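Colleague: Got a structure here, written out as structure tokens. Questions coming.
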Amino acid sequence: MTKLTDKIEWQNLLNNVSQVKNSSLRELFKDSQRAEKFTVKNDNLKLYIDYSKNIITDESMKLLIDLAKSCDVNSYAKKMFTGEKINWTENRPVLHTAIRNRSNAPVYVDGVDVMPQINAVFAKMKDFTEKLRSGERVGATGLKIADVVNIGIGGSDLGPKMVCEALQFYADGPKLHFVSNVDGADIDETIKQLDPATTLFIVASKTFTTQETLTNANTAKNWIVDKFGTESVAKHFIALSTNKTAVEEFGIDSNNMFEFWDFVGGRYSLWSAIGMPIACLVGFDKFEELLAGAHEMDKHFLNEPYETNIPVKLALLDIWYNNFFGYETHAVFPYSYYLSKLPSYLQQADMESNGKSTNRDGEKVDYQTGSIIWGEPGTNGQHSFYQLVHQGTKIIPADFIGLVNPPKKVGDHHEKLMANFFAQTEALAFGLTHDEVIDTEEGLISYKTFDGNRPTNSILIDELTPYTLGVLIAMYEHKIFTEGVIWGLDSFDQWGVQLGKVLAGRILPELSGDKNSMHDSSTNALIREYNSKHKK
Ligand code: F6P
């Protein structure tokens, strides 16, 4: 297979970037059609995406689309949706799309339709959440469950936590808490505010072997068992996992386990039983609306031509800056309080998927792959790090995400919020020239000028509902997928997290003083220093 960087489409982009790199957005916007040309509006998805404030020309966009075509993005998408084993290092299909396949059309894995098993788990989730929310399913002392604590980490935490935060406005169920960190402070600070009689723990772990989650789950179990005895575990714990044996070994009956499967990657699992906290908080019907939004985006991604395909466009723009301009980070700035956890969710979704350097042929790549993703809610960022975004030496392409209508109108807050969104993208694109700086002492003019040409995508969502949130998340998932295909990566494994886990396992007994350190001089000295002062 031709190496990515040897492809004619790649070479054409290299030529194009040398012509386009120094163009200014002020110049490019002399084309009065530019905003219209570089906007995708989709009423069905309730999205309006303006990518005109990027350093691209018609020709650059065409050449980027040529690259996507030459890398067969659409055929790979079809392979994913139809259950081919595209996660080749783990020999697994990748079917988070089947979980939200609202058409219920069969999806086969090794000749077996997976839809009936997906539907069966959803029926069990619906029944459970309805009983929990109505008070029919109670704790050991017969009291209604008031607090639900999700114990999980990575994909078993970030997705449901982000969605629960985003859908807070619709919350009408028990109060949700999330414990992920193995630092004892996390579980301790959480349970100290709770009444064990009215608390349910969800132990969420795909593998049910994750040290952090099992440690927290055991602490929670001791807390409950100390009060109400071993029998009470059945009333206060449920598990979300693929590993029935480990769940039972932990002491949770399989009747209280909600299953998912190896074909759902951890960071793509919020659509599966891992979404249980969401269904507890807002009800199963709203959870289904979330799935429906994602399914709608799935259809768009699969069927829309590259030219108007939203995830493909966003992926190509990221590749443009990452590979042809050398920009290393990509920021996500939600102008919505409800979406404040989106950047940290996307860090795992994107960086665990595409933070890799070995391609399909098992060779080291000779080009950049996954960007560094970071971000914060927009107006807060404006008063902390936007200085660097506007005038620093680094260029940071950014997604600005805002709502046309907030879930609730509070005075004129929303107008002020969105005025900031539009002002920031305008300022970043067009800056302020020397001549435009007014009422300033001569010596300060250079400090007060803004170069502009800082690229942004403006993503407007009609309103924040479970449906549009599903659309938004799936949009990013498919953006990540598209980039992974072009870079030739397995976006669905995560070998890079293993070494640290193995070494931590080796070091743990050394911290109890049971073993001698056998590491490099720095690590040995750190362990010695810790052991000499740590109070046992
Ligand atoms: O260590 C990384 C990781 O495997 C993630 O991919 C995953 O989301 C997280 O750990 C939690 O894994 P599990 O759900 O199996 O506990």
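Colleague: Which value in deg cm²/dmol, rounded to the nearest 500, describes the helix-derived mean residue ellipticity at 222 nm for the chain, given -39,500 (n - 2.57) per DSSP H run of n ≥ 4 and division by the residue count?
Modeller: -13000 deg cm²/dmol
Colleague: Along the positive direction of the dipole of the chain (beta-carbon charges: Lys, Arg +1; Asp, Glu -1; about the Cα centre), which of 392, 210, 449 reaches farthest?
Modeller: Projecting each Cα onto the dipole axis, the largest value belongs to 210.
Colleague: OK, next. Quick one: net charge around residue 118, please, counting Lys, Arg +1 and Asp, Glu -1 for every other residue with C-beta under 13 Å from its C-beta.
Modeller: +1
Colleague: A further question on this structure: Could you state the angle between the C-alpha long axis of helix 115-134 and the longest principal axis of the C-alpha atoms of the chain, as a value from 0 to 90 degrees rounded to the nearest 10?
Modeller: For helix 115-134, the angle is close to 70 degrees.
Colleague: Any idea what diffusion coefficient the chain gets from Stokes-Einstein, in µm²/s, Kirkwood Rh on alpha carbon pairs, 20 °C, 1.002 mPa s?
Modeller: Working: Rh = 25.1 Å.
Diffusion coefficient, whole number: 85 µm²/s.
Colleague: Over the chain, with the other protein chains present, what is the accessible area per residue in square angstrom, probe 1.4 angstrom?
Modeller: Dividing the accessible area of the chain by its residue count gives 44 Å².
Colleague: Additional query: Among 345, 65, 508, which residue has its Cα positioned farthest towards the positive end of the charge dipole of the chain, with +1 placed on the Cβ of Lys and Arg, -1 on the Cβ of Asp and Glu, and the dipole taken about the Cα centre?
Modeller: Positive-end residue among those listed: 508.
Colleague: Ranking request for peptides 5-15, 334-344: highest mean number of other beta-carbon atoms within 10 Å first, then the rest in descending order.
Modeller: 334-344, 5-15
Colleague: Based on alpha-carbon centroids, what's the gap between region 381-452 and region 242-302 in Å, whole number please?
Modeller: 39
Colleague: Would you kindly derive the ³J(HN,Hα) couplings of region 231-247 from the backbone phi angles with the Karplus curve 6.51 cos²θ - 1.76 cosθ + 1.60 (θ = phi - 60°), listing them in order in whole Hz, with x for Gly and Pro?
Modeller: Once θ is set to phi - 60°, the couplings for region 231-247 become 4, 6, 4, 4, 8, 10, 9, 10, 10, 10, 6, 9, 10, 4, 4, 5, 5 Hz.
Colleague: Counting Lys and Arg as +1 and Asp and Glu as -1, what is the net charge of the other residues whose Cβ lies under 15 Å from the Cβ of residue 141?
Modeller: 0
Colleague: If you don't mind, another one. Cα-Cα pairs above 17 Å in region 62-201: how many percent? If you can, show how the numbers build up before the last one.
Modeller: On the way: 7180 of 9730 pairs.
Tail of P(r) above 17 Å: 74 percent of Cα pairs.
Colleague: At 37 °C and a viscosity of 0.692 mPa s, what translational diffusion coefficient does Stokes-Einstein give for region 392-503, taking Rh as the Kirkwood radius over Cα pairs? Give it in µm²/s as a whole number.
Modeller: Details: Rh = 18.2 Å.
Once the numbers are plugged in, D ends up at 180 µm²/s.
Colleague: With a 1.4 Å probe and all protein chains kept in place, how much accessible area does residue 223 have, in Å² rounded to the nearest 10?
Modeller: Approximately 50 Å² of residue 223 is accessible to the 1.4 Å probe.
Colleague: For the chain, with only Lys/Arg (+1) and Asp/Glu (-1) charged at the beta-carbon, what is the dipole magnitude about the Cα centre, in debye rounded to 20? Present the calculation step by step, with values, prior to reporting the outcome.
Modeller: Numbers: 54 positive and 70 negative charges, 172 e Å.
Charge dipole of the chain: 820 debye, to the nearest 20.
Colleague: For the Cα atoms of the chain, what angle does the longest principal axis make with the long axis of helix 58-70, in degrees from 0 to 90, nearest 10?
Modeller: For helix 58-70, the angle is close to 40 degrees.
Colleague: So what are the three principal axis dimensions of region 382-429 from its Cα atoms, in whole Å, longest to shortest?
Modeller: 39, 18, 15
Colleague: Next question, about the same structure. I need the Debye-formula profile for region 140-282: one equal scatterer per C-alpha, no solvent, reported as log10 I(q)/I(0) at q = 0.13 1/Å, two decimals.
Modeller: -0.49
Colleague: For the chain, which whole percent of the accessible surface, found with a 1.4 angstrom probe, sits on carbon and sulfur atoms?
Modeller: 51
Colleague: Continuing with the same structure: Do any GluC sites (Glu not before Pro) in region 128-185 lie in a loop, going by DSSP, with at most 14 other beta-carbon atoms within 10 Å of their beta carbon, and if so which?
Modeller: Hits after loop and neighbour filter: 136.
Colleague: Against the longest alpha carbon principal axis of the chain, how many degrees, from 0 to 90 and to the nearest 10, is the axis of helix 466-487 turned?
Modeller: 70
Colleague: Take the Cα pairs of region 206-321, get the Kirkwood Rh, then feed it into Stokes-Einstein at 25 °C and 0.890 mPa s and tell me D in µm²/s. Show your work: numbers first, answer last.
Modeller: Details: Rh = 17.0 Å.
Rounded, D is 145 µm²/s.
Colleague: With a sphere of radius 11 Å drawn around the Cβ of residue 341, what net charge do the other residues whose Cβ falls strictly inside it have (Lys, Arg +1; Asp, Glu -1)?
Modeller: Around residue 341, the charge tally is -2.
Colleague: Under the Karplus relation 6.51 cos²θ - 1.76 cosθ + 1.60, θ = phi - 60°, what is the ordered set of whole-Hz ³J(HN,Hα) values for region 522-527, x standing for Gly and Pro?
Modeller: For region 522-527, the Karplus-derived couplings read 5, 5, 4, 5, 4, 5 Hz, x marking Gly and Pro.
Colleague: Three principal axis extents, largest first, for the C-alpha atoms of region 118-190, in Å?
Modeller: The principal-axis extents, from largest down, are 34, 33, 25 Å.
Colleague: How do the peptides 470-477, 89-96 rank, highest first, by the average count of neighbouring beta carbon atoms within 10 Å per residue?
Modeller: Averaged packing, sorted descending, gives the order 470-477, 89-96.
The values are calculated or read from the model by the stated rules, or taken from the named source; none is laboratory data. Model, not experiment: these values are computed from the prediction. Cβ coordinates were reconstructed from backbone atoms using ideal geometry, including for glycine residues, and neighbour counts include every protein chain displayed. Protein only, heavy atoms only, side chains kept; ligands, DNA and RNA dropped before computing areas. Shrake-Rupley method; radii C 1.70, N 1.55, O 1.52, S 1.80 Å.
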